[in-house]
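Working notes, structure below.
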Amino acid sequence: MGKLIVISGPSGVGKSSLHQALEKFYPEVAGRMNKLILYNSRSPRPQETEGKDYYFRSRSFIKGLQKKENFLVLDVRGDLQALDVEELKNNLKKADMLFEGNPFIGKTLLLHPSLKNIKKISAFISPLSREEIIFFQSLGDKLLLPELVTDVMKRKLLRRTEKQKGILSLADLENIEKRARSAYGELKEAYQFKNVIPNHDGEDSENWNSFYYPMGEARKTLLSLVEILKGRDPYYVEKWDNGLL
């Protein structure tokens, strides 16, 4: 029976770039995993592919999956996503499976009773380190952490979407605002994951792909994930407790 690898973090934190770097520079590690593909009610982003990134279906179609026992359906920032539990279990008989995505889905994969007997490896990619969070909390009313996290992720998402689309529509800006405001609540779920990797190089950062090899915190994040997948405890990885946020 294969393992379920769960990599989560707020939108724009660098999960997709991390996965791409893993495939490019460590194909022997990435090649042992098949990607877990969920159903999603939203439209594809630029460069997303049907059947490779998600099964893109209408909202009404995914709502209908709620009636089927083998499906888990969750609301993710207003979009409906669905997991075929039976398909996941069958795929795990052949290989390890990788989920890379939203922390609410990630937490469900880690904790849902129907998946409790599956071996799991989990990593949460955080835009802030534990030390930074403690420092900002010590400032009291001078700095509100939820607003800081929202601002940080909004800037990352703006830069990412501008790189993808150029000129942004009103719908793009509204979507960015929704995702950024969700980030602090998602960060509060990080303690559910065995490994937390602080990474300031989001998907907007040139450190992922402007040079031969990732640099800065992108490099540390990539190397940490490789070590985790090899069953080791890299120095850069943090352990968060429930009381941190």
Review point. Which distance in Å, rounded to a whole number, links the C-alpha centroids of the range 93-158 and the range 200-238?
Key: 16
Point to revise | Under 5 Å, built H, 5+ apart or other chain: amide partners of residue 126 | key: 197, 199
Point to revise | Exposure proxy ranking, count of Cβ atoms within 10 Å, fewest first, for 24, 89 | key: 24, 89
**Study point:** Label point distance in nm, residue 114-residue 23, each placed 7 Å from Cα along Cα→Cβ
**Key:** 2.7
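GluC sites (Glu not before Pro), restricted to the range 1-97: which are DSSP loop and have at most 13 other Cβ atoms within 10 Å? Before the final figure, lay out the partial values.
Working: sites: 23, 28, 48, 50, 69, 86, 87; in loops: 48, 69.
Taking the range 1-97 and a limit of 13 other Cβ atoms within 10 Å, the loop GluC sites (Glu not before Pro) found are 69.
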Check your understanding: Pick the calculated Rg and Dmax of the Cα atoms in Å for this structure from (1) 17.6, 53; (2) 20.4, 75; (3) 18.8, 69?
Key -> (1)
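Rule-based calculations on the coordinates, nothing more; no lab input. Because the structure is predicted, anything quoted here is derived from the model rather than measured. Here Cβ is always computed from backbone atoms with ideal geometry, including for glycine, and neighbour counts include all displayed protein chains.
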